[in-house]
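The values are calculated or read from the model by the stated rules, or taken from the named source; none is laboratory data. Since we're looking at a predicted model, the values are computed, not measured. Cβ coordinates were reconstructed from backbone atoms using ideal geometry, including for glycine residues, and neighbour counts include every protein chain displayed.
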Amino acid sequence: MTIEELRKIAETERAAQKKFQHHVCVCIAAGCLSGGAEHVRDALNKEVAESGMRNEVLVKGVGCMGLCSAGPLVTVETAVETAVNTDVQMFASVTPEDAPEIIRSLDTGGATGGDLAAAGLHPCPTNVPFFERQKKIVLENSGKIDPERIEDYIAHDGYVALVTAITEMTPLEVIDRVKSSGLRGRGGAGYPTGLKWSTVAKTGEQQKYVICNADEGDPGAFMDRAVLESDPHRVLEGMAIAAYAVGAQQGFIYVRAEYPLAVKHLKTAIKQAERMGLLGNSISGTRFSFHIDIRLGAGAFVCGEETALIASIEGKRGTPRPRPPFPAESGLWECPTLINNVETFANVAPIVRHGAEWFARIGTEKSKGTKVFALAGRVQNTGLIEVPMGITLREIIYDIGGGVPDGKQYKAVQTGGPSGGCIPAEHLDSPVDYESLARIGSIMGSGGMIVMDETSCMVDVAKYFMEFCMSESCGKCIPCRAGTQQLHGILEKITAGEATPADVALLEELCELVRHTSLCGLGQSAPNPVVTTLKYFREEYDAHVTGDGCPAGTCGCGAGTRACRAETRLGAPGSQTSGEVTL
Amino acid sequence: MQTYVGAPQLPSDDKRWKIVEATARRHGREPHALIETLHTVQECFGYLDENALRFVASVLRVPLSRVYGAATFYHFFTLKPKGRHACVVCTGTACYIKGAPLLLKAIEQRYSIKPGETTPDGELSLLTARCLGSCGLAPAAVMDSAVLGKIAPQDILARIERGIHP
Ligand SMILES: Cc1cc2nc3c(=O)[nH]c(=O)nc-3n(C[C@H](O)[C@H](O)[C@H](O)COP(=O)(O)O)c2cc1C
Ligand code: SF4
Ligand code: FES
Ligand code: FES
């Protein structure tokens, strides 16, 4: 495949799509799919056929459009000859029954939002902060292209970067470009990507591997899943460029078995890329060959840690090992191995295509580019967003997210999942970049962002994450295996209203111990949710241990009298939830 | 490197064993195919029983202890058969904040089973998942294969009843 051949495919595809006056895109990524998006697509297809508009209307299934909570989402785009921009109308909460009205609205062209609402549809404005405050690089094709067609990806400049890199650039030039772009790993730790690549490239070994970490383990985050479901070729292209740069011939994508749709789209994408000669032997007629295989994870959070992930690909129990040696020197089957996150790879093709300076202009001094977040919890607009680094938490939660609903009071935002922390209102104006989030005790993490209001008890939240770490601890080292159990036990005691101030002191001491003596990142960061909630919400801990009860009213008994507590534990009538659950 | 001599002894003439064997063969019957092979067993049979573990050990020529070790380490694998119906409650952070514990409590009280357990009549298994990717619809659950978003405790009980006794 040469660059000319690629251009030709792109032009043919664009011309084929242009023949249709109207483009109707249905989001068929996981969120909308669970709302019945497939039936919506079928109904739209049927309607188009029945109204004899097959030559004018293209109905296609696309990836996540971002506003998942309003799904199933459908966009309608009509090419307007005279205007520079095309006209896009988005519909929310679409049902199969809406199909006739949507197709009818195509003919009327200039229908206003009011007209559409009168027809029973839910028009969703796209000129609102939720869409306008975002900056899309990783998600630029998400919600626009059909993830199961390589031609659609190529029509959006896909694989230009790969072919350019291997035919016109040396591996060193590729690495230099990634280095000077300032791209840092999006898997959590933020290690400079170019630096990691050059370490792997410098090893003299013959056999090297590239691994894409798609084991997204943060419970409440789905960024990588959305990228894989919506635009799988972007990840393959990034991996292939990386392989060329570091000199690897074989790649693996380690993806969660719980993501069947992502696996399906990846498998299709690999087959298509191989058929076009964009993966496989002698890519673009050069001496560069690269194959990608998929390995399924099996539901162990610790396998997101790079050395555990490698053990898992080798068919073993996924337990971490001490580093050094780092995988860059000795990884899969003791060969030099480059491991990057899905989103890291997804940034590579645009950087090669547009240049390092373009990327480096976005973001802050030390954190370049954008970050994808899964915004969820007690916030009006939940879904998938991509924002420039340096944006403040307040802008994300109040402008993009639309604030806390139901007239409730904001309490905290949790970033970084079980390894991160809870950030209180006083730090809402903190910019979102690696250093700033670390300064206030949390981490950037892989992109989970969960907003909590006054109804969440911070001790309970800390207990939730500790329970997670406890059950996910691989058991290899004692501080983490036994420490998370002890920490969880103390938190249980506190939420049950049975703890004393001495327990809180013990909790703090144990946090320090587990953090400093655990073998891998799981244990080292497991105390983070406890430490940040102790730092910012100490009064909630105090209330639980001094007999004032749980301020949020979530931990068993709000009043905190001993009799009431006993009743709650026995699940007797009068406990907080029994009224709701007995039918 | 050892080469495999002869066809492996299949535990029975159930065709599914052939599918399992094919997975192992695709990976050259190397020990590193262990997890992929266990995935195939679970896909075919729904769970991993002793027979299956022994078979996988013999096909890949790894000690049974290592097969058992992997099968018990990874949460995705189950050594017990599931019930005829399965209800998966998401306990990811977004769902937890929005009331997943109440869903679990309701189901636990009604059917006297805890997550990971199956009712004695084999009708219903209660499972939990860490994020179904539908956080926008929290709290979320899956009954058999239908995803239920923004679901309340009463509604999930009603939905389970309908699933078990259609
Ligand atoms: C307990 C634990 C879980 C992790 N989970 C993930 C994960 O789900 N996805 C991921 O990309 N990185 C995860 N990481 C980080 C990886 O070890 C590794 O740093 C990362 O994949 C490197 O890629 P990057 O440089 O592109 O960020 C995890 C680390 C630890 C300690
Ligand atoms: S810190 Fe925890 S997860 Fe990591 S190696 Fe030790 S026991 Fe295993
Ligand atoms: S899944 Fe449809 S908008 Fe996110
Ligand atoms: S946390 Fe439940 S679907 Fe994501």
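Here are some notes:
- Residues that are closer than 18 Å to B:Pro11 by Cα number at least 1 in the following helices (runs of 4 or more DSSP H) confined to segment B:40-141: B:50-60, B:64-73.
- Test: residue in segment A:383-403 that is within 14 Å of another protein chain (Cβ to nearest Cβ), farther than 30 Å from A:Val246 by Cβ and part of a loop (DSSP other than H, G, I, E, B): yes
- Qualifying residue in segment A:507-528 (condition: away from chain B (no Cβ under 14 Å), crowded, with 19+ Cβ neighbours inside 10 Å, more than 16 Å from ligand 2 (Cβ to nearest atom) and modelled with pLDDT of 95 or more): yes
- Matching entry among A:Gly331, A:Gly304 (being within 13 Å of chain B (Cβ to nearest Cβ) and in contact with a strand residue (DSSP E or B) (Cβ under 9 Å, 6 or more places away or on another chain)): A:Gly304
- Some residue of segment A:277-294 being within 16 Å of ligand 2 (Cβ to nearest atom), surrounded by fewer than 17 Cβ atoms within 10 Å (Cβ to Cβ) and within 20 Å of A:Trp197 (Cβ to Cβ): no
- Segment B:97-155: number of residues that are closer than 20 Å to B:Gly46 by Cα, surrounded by fewer than 17 Cβ atoms within 10 Å (Cβ to Cβ) and either within 16 Å of ligand 3 (Cβ to nearest atom) or of a type in the set (Val, Ile, Thr) (or both): 1
- Every residue from segment B:66-85 that is among the small types (Gly, Ala, Ser) and within 14 Å of chain A (Cβ to nearest Cβ): B:Gly69, B:Ala70, B:Ala71
- Taking (1) within 14 Å of another protein chain (Cβ to nearest Cβ); (2) within 16 Å of ligand 2 (Cβ to nearest atom); (3) modelled with pLDDT of 95 or more in turn, A:Ile313 satisfies each apart from (2).
- Residue match in segment A:252-269 (condition: within 16 Å of ligand 2 (Cβ to nearest atom), over 19 Å from A:Thr344 (Cα atoms) and within 21 Å of the chain's Cα centre (by Cα)): no
- Only one of A:Met449, A:Met466 that is under 26 Å from the mean Cα position of the chain (by Cα) and within 16 Å of ligand 3 (Cβ to nearest atom): A:Met449
Table: residues versus (1) more than 10 Å from chain A (Cβ to nearest Cβ); (2) within 16 Å of ligand 1 (Cβ to nearest atom); (3) over 25 Å from A:Arg378 (Cβ atoms); (4) without any contact (Cβ under 8 Å) to a residue 24 or more places away in the chain.
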{"residue": "B:Thr93", "(1), (2), (3), (4)": "no, yes, no, no"}
{"residue": "B:Leu124", "(1), (2), (3), (4)": "yes, no, yes, no"}
{"residue": "B:Arg130", "(1), (2), (3), (4)": "no, yes, no, no"}
{"residue": "B:Gly133", "(1), (2), (3), (4)": "no, yes, no, yes"}
{"residue": "B:Leu137", "(1), (2), (3), (4)": "no, no, no, yes"}
{"residue": "B:Gly163", "(1), (2), (3), (4)": "yes, no, yes, no"}
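- Residue that is nearest to ligand 2 (Cβ to nearest atom) [pool: residues in segment A:316-363 that are of a type in the set (Ser, Thr, Tyr) and crowded, with 24+ Cβ neighbours inside 10 Å]: A:Thr337
- A:Gln380 being on the phi < 0 side of the Ramachandran plot, more than 14 Å from chain B (Cβ to nearest Cβ), touching a residue at least 24 places away in the same chain (Cβ under 8 Å) and surrounded by fewer than 24 Cβ atoms within 10 Å (Cβ to Cβ): no
- Of the residues in segment B:19-33, at least one is β-branched (Val, Ile, Thr), away from chain A (no Cβ under 11 Å), over 15 Å from A:Ser312 (Cα atoms) and exposed (fewer than 15 other Cβ atoms within 10 Å of the Cβ).
- Residue tally, condition within 12 Å of B:Phe73 (Cβ to Cβ) and either touching a helix residue (DSSP H, G or I) at 6+ places or on another chain (Cβ under 6 Å) or of a type in the set (Val, Ile, Thr) (or both), over segment A:305-327: 6
- Of the residues making up segment A:88-100, at least one is within 22 Å of A:Tyr153 (Cα to Cα), modelled with pLDDT under 90, away from chain B (no Cβ under 14 Å) and surrounded by fewer than 18 Cβ atoms within 10 Å (Cβ to Cβ).
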